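The values are calculated or read from the model by the stated rules, or taken from the named source; none is laboratory data. Keep in mind that this is a model prediction, so the values were computed, not measured. Methodologically, a virtual Cβ is constructed for each residue, glycine included, from the backbone with ideal geometry; neighbour enumeration extends over all protein chains shown. Each accessible area value is taken on the protein alone, full model and side chains, heavy atoms only, with ligands, DNA and RNA left out. Shrake-Rupley method; radii C 1.70, N 1.55, O 1.52, S 1.80 Å.
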Amino acid sequence: MAIRLGDDAPNFTAPTTEGELNFYDWKGDSWAVLFSHPKDFTPVCTTELGAVAKLKDEFDRRGVKVIGLSVSPLGDHEGWSKDIEETQGAALNFPLIADPDRKVSDLYDMIHPNADDTATVRSVFVIGPDNKIKLTLTYPAATGRNFDELLRVVDSLQLTATQGLATPVNWTKGDRVIVTPAVSDDEARERFGDFEAQRPYLRYVDDPTA
Ligand code: BEZ
């Protein structure tokens, strides 16, 4: 069944390049990004995994654990890791799930048979400290994702989680943010100080976390 925002992230135990792990135990109360790539020894996936390895410090800084998945077996992951390091200039520094029996892929609905009935699509799940799904993305196999955008949405999700604020179009950290309609003018003033109301429902404040 499809996984929707607000659902509990399904737990699982699976072999990875860092040993067998139980997802909930590994994740603890951190944020997590679980992302699939179609299979090993493929060009777009090679570039994506190198990019995520290079961004690991940025995910760490935000308290986000990253974990990848493909339906290829663990032996392939190990061989392919060397190619990633040699071609992308960054070694894998996060676990990569081996899911040849598609246990986790099926649990997260990562195989879309009308696109490909054996390999996963490029799914992304951002999961909160409460183990609930906060964001999903689905890309086709031939389109590499933008992991800088993923960091941007994590910043937005964390701002919403900690401050109850929303972020406007193309927002990046440091830009002004939006007071949600559920917050009255008096409460907004008390919590965030002065705000600019362009309309009664469109109120901007400085990002209190910037
Ligand atoms: C890739 O990762 O390069 C890829 C995988 C499956 C289909 C097309 C591209």
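With a/c under 1.5 counting as rounded, go ahead and sort region 13-144 into rounded, prolate or oblate using the C-alpha gyration tensor (a ≥ b ≥ c being the square roots of the eigenvalues; past the cut-off, prolate if a/b is larger than b/c, else oblate). Show your work: numbers first, answer last.
Details: a/c = 1.37, a/b = 1.09, b/c = 1.26.
Judged from the Cα gyration tensor, region 13-144 comes out rounded (a/c under 1.5).
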Solvent-accessible area per residue for region 13-144 (1.4 angstrom probe, square angstrom): 44
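Set the Förster distance to 22 Å, then compute FRET efficiency between LEU5 and ASP83 from the Cβ-Cβ distance, nearest 0.05. All intermediate terms of the calculation are to be shown ahead of the outcome.
Values: r = 35 Å, r/R0 = 1.60.
With R0 = 22 Å, the Cβ-Cβ based efficiency is 0.05.
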Nearest-10 value in Å² for the accessible area of LEU55, using the 1.4 Å probe: 30
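Which value at 222 nm does the chain reach when only helices count, each DSSP H run of 4 or more adding -39,500 (n - 2.57), with the total divided by all residues and rounded to the nearest 500 deg cm²/dmol?
Roughly -9500 deg cm²/dmol at 222 nm, from the helical runs in the chain.
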Heavy atoms of SER30 accessible to a 1.4 Å probe, total area in Å² rounded to 10: 30
Per residue convex hull volume, Cα atoms of region 52-210, in Å³: 145
Whole-percent carbon and sulfur share, accessible surface of region 81-157, 1.4 Å: 47
Whether region 3-43 is rounded, prolate or oblate, judged on the alpha carbon gyration tensor where a/c under 1.5 counts as rounded: oblate
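Name the shape class, rounded, prolate or oblate, that the alpha-carbon gyration tensor gives for region 167-210, where a ≥ b ≥ c are the square roots of its eigenvalues, rounded holds for a/c under 1.5, and otherwise prolate holds if a/b is larger than b/c and oblate otherwise. Don't skip to the answer; put the middle values down first.
Working: a/c = 2.12, a/b = 1.37, b/c = 1.55.
Taking the square roots of the gyration eigenvalues as a ≥ b ≥ c, region 167-210 is oblate.
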